[in-house]
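All of the numbers you see were taken from the coordinates with simple rules; none came from a lab. Here the structure is a predicted model, which is why all the values come from computation and not from measurement. So basically every Cβ, Gly included, is an ideal-geometry build from the backbone, and we count neighbours across all protein chains shown.
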Amino acid sequence: MALSPNIRGAVLMTAAMAGFSLNDALTKFLSLQMNFGQVMLLRGVFACALIGALAYHQGALRPWRILLKRSVALRVFGEIGGTTTFLASITHLPLANTSAIFQSLPLAITMGAALFFGERVGWRRWMAIAAGFVGVLIIVRPGVEGFNQFSVLALVSVAFCSVRDLATKRIPAEIPALFVTFLTTLVVTTVGGILVVPLGGWSPPSSSALGLLVLAAVLVLIGYQCVILALRAGDISAVAPFRY
């Protein structure tokens, strides 16, 4: 039996969040050995190789000028800002606290979908999002002692990611999701390379760290691809609660 667009989007969003959650834990661990710019760079190099090869194999590569399309450019801009501020936040905050703040994202993008796209958001969807948010707070139990100026970075990351997800919904269907993933990863990787020196310079990674970075790259590929497909498949307000 074929799944409805919203159910398909919910399944894809769940898979995306599993990938991102594991990636966040790995990134938090790796930030003890190197600055987050280096994590972005090395993880991105491996991810670009994987995604580029897959896009080439599936015939999903397109002209680079697609990056100039407003919706694609906004998505990439949101991803750069969201990734940079989120990694800066988890480097200096307990992961539970950053996660708790970041779980306001479904609320933000649902509100954005209602305001900018005219989506009808019923009370059941608002209740689902609110219940999910409360559930996350109960599970992670963030402590007030862990909140500091870096908590603001987590909030800024939410704003950037809201722009990213809302823009994703407006990317033309003829542009393959895999190519959007490749463009996003390539630009974020470049930004990571630029940040390495200002954040403290290069630290030679251990062989175990390189292995974890490869795993993180695979998880990023799963997360990016699934979240793009999820947002394209269903209503944002229906898919958003499944970030929890």
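Could you order peptides 155-164, 39-48 by the average number of other Cβ atoms within 10 Å of their residues, highest first?
39-48, 155-164
Given labels modelled 7 Å from the Cα in the Cβ direction, how far is it in nm from Ser208 to Ala25?
Label at Ser208, label at Ala25, 1.6 nm between them.
Name the helices (complete DSSP H segments) of the chain with a Cα length along the long axis of 20 Å or more and a Kyte-Doolittle mean of at least 1.0, or state none.
Details: long enough: 5-30 (37 Å, 0.72); 36-57 (31 Å, 1.44); 70-92 (33 Å, 0.56); 123-140 (26 Å, 1.58); 150-169 (29 Å, 1.34); 177-195 (27 Å, 2.08); 207-233 (39 Å, 2.07).
Helices passing the filter in the chain: 36-57, 123-140, 150-169, 177-195, 207-233.
Compute the relative contact order of the chain as a whole-number percentage, counting only Cα pairs closer than 8 Å that sit 6 or more residues apart in sequence.
It rounds to 49 percent for the chain.
Give me the mean projected area, in nm² to one decimal, of the convex hull enclosing the Cα positions of the stretch 5-243.
12.8 nm²
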